[in-house]
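Here's the structure, in structure tokens; my notes come after.
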Amino acid sequence: MSLSKSKAVLKEVKPAVRTENITYAVRDIVVIANEVAKTGKQMLYLNIGDPNLFDWQPPKHLIEETYKAMLKNYNGYAPSSGIKQAIEAIEKEADKKGIKNVQDIFVTTGASEAIDICLTALVNDGENVLTPTPGYPLYTAIQSKLRTMENPYYLDESSGWQPNIEDIKSKINEKTRAIILINPNNPTGSNSSPDTLKQIINLAIEHNLVIFADEIYDKLLMDGKKHTSIASLNSEVPMVTFGGLSKNYMVPGFRIGWGIVSGERSILKNYIDAINKLLRARLSANHPEQYGIAPALLGDQSHLVAAMKKLTSRRNLTFEMMNAIPGISCVEPEGAFYAFPRLHNVSSDSHWAVELIKEKGVVIVPGSGFGQIPGTNHFRIVFLPPEEILEKAYKAIAEFNEIYSEKYEKTIVQRA
């Protein structure tokens with residue numbers, strides 16, 4: 001019987017409840033920006049941490065080895081955990097970082113997949129994971145999908161965005177399974193001190209928590225700052241350290257990341273088995289691009305010297321110009337390529353961000369998309385673009401912020 005003659009009525013396809021609270025502010029804001037761009041307004045994009053959109057290039061030897069792998073027809077499935085030479089290179093990288101007692105290493109489709117798999121393998125319905133706030137929105141999106149309880153802990157803006165240990169203590173309960181650390185942090189650019197990391201380890205020991213250490217920006221430190229991998233400070237506590245090629249090696253589109261599981265084997269065995277069940281179920285990460293891991297990690301690192309020189313200059317410009325704007329303050333970032341300025345005279349950073357896009361074409365991400373202490377308002381800047389673009393964008397932000405309160409704030413307060 002044809003559909004036209006059938007008496008059946010097609011009903012709405014309802015999405016799964018688990019998707020209701022999934023948001024990703026970094027991409028969501030682009031929907032608004034695209035509408036504004038259609039009007040012909042010149043747009044200045046400071047919203048996505050993709051170096052390849054600007055004047056950044058990956059190391060040539062990384063690209064060459066990946067290309068050779070494709071020509072050799074390494075284009076089929078890879079082993080679920082990754083190819084041998086990639087695993088060995090990541091193991092050497094772990095050793096350089098001071099990570100001992102490594103129990104497993106696996107390659108994934110970006111660090112994002114490693115994070116998703118490790119959370120999925122650990123957390124049950126109704127349990128929770130301590131998540132940094134401000135923090136990368138992927139974590140809250142995954143937890144929404146897994147139907148776990150939100151349990152944000154705050155970073156302390158007054159101490160350079162270090163994790164607030166007392167707040168972490170107050171958030172731990174009988175359903176807490178793990179604590180996530182993003183270091184260097186996205187969106188604030190902070191670099192956690194060894195003392196802070198040791199205190200987090202002590203809490204993990206006391207409360208039997210797994211530590212997830214997202215260290216995707218670990219080579220992008222400014223002013224001679226050093227990165228301390230939390231797993232290097234204790235070889236017994238169960239930890240998973242996440243890394244990848246995306247940021248340090250300027251190939252976010254490769255989607256190549258990894259996880260390094262370290263700690264006492266006897267307490268990790270079943271968890272590692274669960275991770276590998278999920279790895280096998282999704283077959284493998286991109287095969288030929290895994291051949292770029294060894295040359296990237298073990299080869300010439302001179303691109304980092306040039307990168308940090310540019311990043312430091314752009315960071316300095318960002319820090320100086322943001323703090324020169326009345327009503328805005330900014331903690332100086334130490335790593336990555338983000339700043340998280342605070343809006344002191346604004347009651348809604350989301351409204352401020354949308355109106356900034358409409359009036360000036362400057363695309364940033366509101367702080368609410370990353371989480372923040374209630375009653376505070378921020379926005380994230382990506383300072384990857386060349387300085388002339390940054391300077392133009394920051395002047396536009398200054399002009400807009402000067403008129404914002406008079407033009408909009410009274411209306412917002414009245415509606416609230």
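The values are calculated or read from the model by the stated rules, or taken from the named source; none is laboratory data. Given the structure is predicted, the values throughout are model-derived calculations rather than measurements. Using ideal geometry, Cβ is built from the backbone for each residue, glycine included, and neighbour counts are taken over all protein chains shown.
Scanning the stretch 331-377 for residues that are closer than 16 Å to L390 by Cβ and either touching a Pro at 6+ places or on another chain (Cβ under 7 Å) or part of a loop (DSSP other than H, G, I, E, B) (or both) gives E332, P333, A336, F337, Y338, A339, F340, P341, G361, I364. Within the stretch 143-170, restricting attention to residues that are part of a helix (DSSP H, G or I) and farther than 26 Å from P341 by Cβ, the residue that is modelled with the lowest pLDDT is S144. As a summary of the residue check, N164 satisfies the conditions (1) surrounded by fewer than 24 Cβ atoms within 10 Å (Cβ to Cβ); (2) in contact (Cβ under 8 Å) with a residue 24 or more places away in the chain; (3) of a type in the set (S, T, N, Q) except for the one numbered (2).
Taken together, the residues in the stretch 279-291 that are within 22 Å of the chain's Cα centre (by Cα) and either part of a helix (DSSP H, G or I) or over 18 Å from G82 (Cβ atoms) (or both) amount to 3. With the requirement that a residue be at pLDDT 95 or above and under 26 Å from G335 (Cα atoms), what does the stretch 119-142 give you? Listed by number, the residues that qualify are L119, V129, L130, T131, P132, T133, P134, G135.
Filter the stretch 1-38 down to residues that are surrounded by 10 or more Cβ atoms within 10 Å (Cβ to Cβ), of a type in the set (G, A, S) and modelled with pLDDT of 80 or more, then give me how many there are. Counting residues in the stretch 1-38 that are surrounded by 10 or more Cβ atoms within 10 Å (Cβ to Cβ), of a type in the set (G, A, S) and modelled with pLDDT of 80 or more gives 2.
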